[in-house]
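The values are calculated or read from the model by the stated rules, or taken from the named source; none is laboratory data. For clarity, every value in this text was computed on a predicted model and none was experimentally measured. Reconstructed Cβ throughout: ideal geometry from the backbone, glycine too, with neighbour counts over all protein chains shown.
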Amino acid sequence: MTAPIAPGSLRRLVVADQLLHNPDLIEDGAWPRACTWLIRLALEHALDDYWERRRPDVAAASRRAQLLTLTRTVDRDLGQSCTNLWHTLSRAAHHHAYELSPTSTELRGWHRGVYNAAADLAGR
């Protein structure tokens with residue numbers, strides 16, 4: 001049995017899931033970026049919760065430093081997964097006129113990845 005994920009993460013993942021199932025909740029086709037931001041925030045809440053429980057000194061560091069510390073001191077695979085997800089979500093969340101919005105398939109994959117990462121962090 002896995003530990004429950006951080007409440008902040010879970011709330012954002014639930015809302016992102018609602019957007020994935022009903023994109024009309026947000027007008028003007030902005031739902032993919034809104035969903036991306038929610039998923040990224042869920043990952044950030046999971047990281048914040050983890051560091052507050054385990055190493056409060058790292059919680060005050062930059063997100064980049066937190067991800068590097070996770071990769072080098074906790075679990076290489078989990079750290080790499082969180083790093084890749086965070087960078088991918090950060091890039092996708094920022095609108096560029098020359099890029100398409102993320103697809104629902106991409107969003108579902110990121111959602112699943114963040115959920116799994118949050119559950120893994122909660123269990124440590």
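List the pairs whose first member sits in region 34-45 and is closer than 13 Å to V14 by Cα and free of Cβ contacts under 8 Å to residues at least 60 places away in the same chain, whose second member is of a type in the set (K, R) and in a helix (DSSP H, G or I), and whose Cβ atoms are under 6 Å apart, counting only residues at least 6 apart or on separate chains?
L38/R12; L41/R12
Evaluate region 81-88: report whether one residue or more is of a type outside the set (A, V, I, L, M, F, W, C), touching a helix residue (DSSP H, G or I) at 6+ places or on another chain (Cβ under 7 Å) and touching a residue at least 24 places away in the same chain (Cβ under 8 Å).
For region 81-88, residues of a type outside the set (A, V, I, L, M, F, W, C), touching a helix residue (DSSP H, G or I) at 6+ places or on another chain (Cβ under 7 Å) and touching a residue at least 24 places away in the same chain (Cβ under 8 Å): present.
Please pick out the residue among D48, D57 that is charged (D, E, K, R), surrounded by fewer than 16 Cβ atoms within 10 Å (Cβ to Cβ) and under 18 Å from L121 (Cα atoms).
On the way: D48 fails: surrounded by fewer than 16 Cβ atoms within 10 Å (Cβ to Cβ).
Every option except D57 fails the conditions.
Can you pull out the residues in region 70-87 that are farther than 17 Å from A119 by Cα and modelled with pLDDT under 95?
Across region 70-87, the qualifying residues are R72, T73.
For the structure I just gave you, tell me whether A65 is on the phi < 0 side of the Ramachandran plot, of a type in the set (G, A, S) and touching a Ser or Thr at 6+ places or on another chain (Cβ under 7 Å).
Criteria not met by A65.
Only residues that are farther than 12 Å from A92 by Cβ and among the basic types (K, R): list them for region 28-53, please.
Within region 28-53, just R53 meets the criteria.
Considering only residues that are outside any helix (DSSP H, G or I), touching a residue at least 24 places away in the same chain (Cβ under 8 Å) and surrounded by 12 or more Cβ atoms within 10 Å (Cβ to Cβ), which ones fall in region 6-32?
Of the residues in region 6-32, the ones outside any helix (DSSP H, G or I) are 6, 22, 26-30.
Filter once more, keeping what is touching a residue at least 24 places away in the same chain (Cβ under 8 Å): 6, 29.
The answer is A6, and nothing else.
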